[in-house]
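Following: one structure in structure tokens, then a few remarks.
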Amino acid sequence: MDHPLWASCEFDEDTITDRLRLIELDREGMEACGQILHDHIIVPNLDAIVDRFYTYLLRIDDFNRLVGGASGAARLRDSQEKYLLGLGIDFQKREYFEERLRIGSVHHRIGVPQSFYQCTFQGLQSLLIEYIPDSIRNDGPAFAEILRFILRITALDMSLAVESYYSNRESDLTKSLESERDETVRLRELAITDWLTNLRNHSYSKRCLGAALELARTEQSALCVVMADLDHFKEINDAHGHLVGDEVLQIAAGRMLSGARADDEICRYGGEEFLFILHNTNITEGEEVAERVRTHINSDAVNSRDTKLQVTISLGVAQARDGDTVDTLIERADQALYSAKRAGRDCVRREG
């Protein structure tokens, strides 16, 4: 029988406890979070998460080379599903550590590159966050708690896999823990980034706009926001499927970045909605930015999975006023967006 990896990696009861304390998985309620992750996020969306995870991986040349393309990836589905169904369940037990250590050992034997290996954890984290249901998202404390748990449990899994990945080299536990602390910086970045489009996410957009309003008041400078919405996006999803819809969002995000200015903040506000934060920008300049983005979006058809789609976007522009809050400013931009929709879509409208 193989020598257990937890023993060779010097994980006894004390070091397991230390690891959980380091990643703050020793706090009250963490085991309940593991069950919520399993029951409300992973189990209801297992097929969708695995499908999108492997669609992402198959775009990477190194992964195709290692597994032999789509047919090889299909053979890995069972192990990936088993891994997800066990994620966060009984994580304080030695058996959980053993299973995660074994993953890293296998990946080392088959020659998975470290850079690719760690990126897959980031992709998985983003998918799990994306599938948090509205019933949890709408409960602020519950959403914050499950988000923290997802980041912590995947950080635990990655730390264990990475340690066994390098088990053939001389490395001690201290170095691994120091590396884990550095990883928290990347996790914070992940928490404000939309994995699909690589834009900033909804929670970041609200905080960023709040800070921008304060700065504009202090400096007495102009500030504009743009609310944008891809036209007829639901019909694209319904007619061509969510994978095509995902690619449309990615391509549209890239065109938004190319149409906007370097200092403009572009965030995925939700679904097919986007929020632009334009610093030192008055309403006229804001309209010019919005119009440039609009023409970048519809300049060429979007090619996705042998499907050619003409994608357009509607945009509403509003300028900050004295006494504005984040919500009132967004509301006026939203109303301008509705005006653009009523005007026939594929156009820009300003508030008022």
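Just so it is clear, none of the values below were taken in a lab; they were calculated from the coordinates. Worth saying up front: this structure is predicted, and the values here are computed from it rather than measured. Neighbour counts are summed over all protein chains in view; Cβ atoms, including those assigned to glycine, are modelled from backbone coordinates with ideal geometry.
The range 286-337 and the range 185-211 have Cα centres lying 19 Å from one another. The angle separating the long axis of helix 202-219 from the principal Cα axis of greatest extent in the chain is about 50 degrees.
Here the extension length gained between Lys234 and Glu214 equals 3.6 nm, from 0.36 nm per residue of separation less the Cα-Cα distance.
Where the only charges are on Cβ atoms (+1 Lys, Arg; -1 Asp, Glu), what is the dipole of the chain about its Cα centre, to the nearest 20 debye?
Values: 41 positive and 61 negative charges, 177 e Å.
My answer is approximately 860 debye.
Counting only alpha carbon atoms, the long axis of helix 13-22 and the longest principal axis of the chain meet at about 10°.
Dipole of the chain computed with +1 at Lys/Arg Cβ and -1 at Asp/Glu Cβ about the Cα centre; of Leu199, Leu257, Thr15, farthest Cα towards the positive end is Leu257. Only one of (1) 22.9, 75; (2) 20.1, 65; (3) 20.2, 61 was calculated from the structure for Rg and Dmax of the Cα atoms in Å, and its label is (1).
Once you have a ≥ b ≥ c as the square roots of the Cα gyration tensor eigenvalues for the range 199-352, tell me rounded if a/c is under 1.5, and otherwise prolate or oblate according to whether a/b is larger than b/c. Write down the numbers at each step before the final one.
Working: a/c = 2.04, a/b = 1.86, b/c = 1.10.
Verdict is prolate for the range 199-352.
For the pair the range 141-159 / the range 217-266, the C-alpha centres are spaced 28 Å from each other. Compared with the dominant principal axis of the Cα atoms in the chain, helix 326-342 is inclined by about 60°.
Of the trypsin sites (Lys or Arg not before Pro) found in the range 282-327, those in coil by DSSP whose Cβ has at most 13 other Cβ atoms within 10 Å are Arg305, Arg321.
Would you mind giving the three semi-axes, in whole Å and largest first, of the ellipsoid equivalent to the range 238-313 according to its Cα gyration tensor?
25, 13, 9
Only helices enter the 222 nm calculation for the chain: every DSSP H run of n ≥ 4 contributes -39,500 (n - 2.57), and dividing by all residues gives -19500 deg cm²/dmol, rounded to 500.
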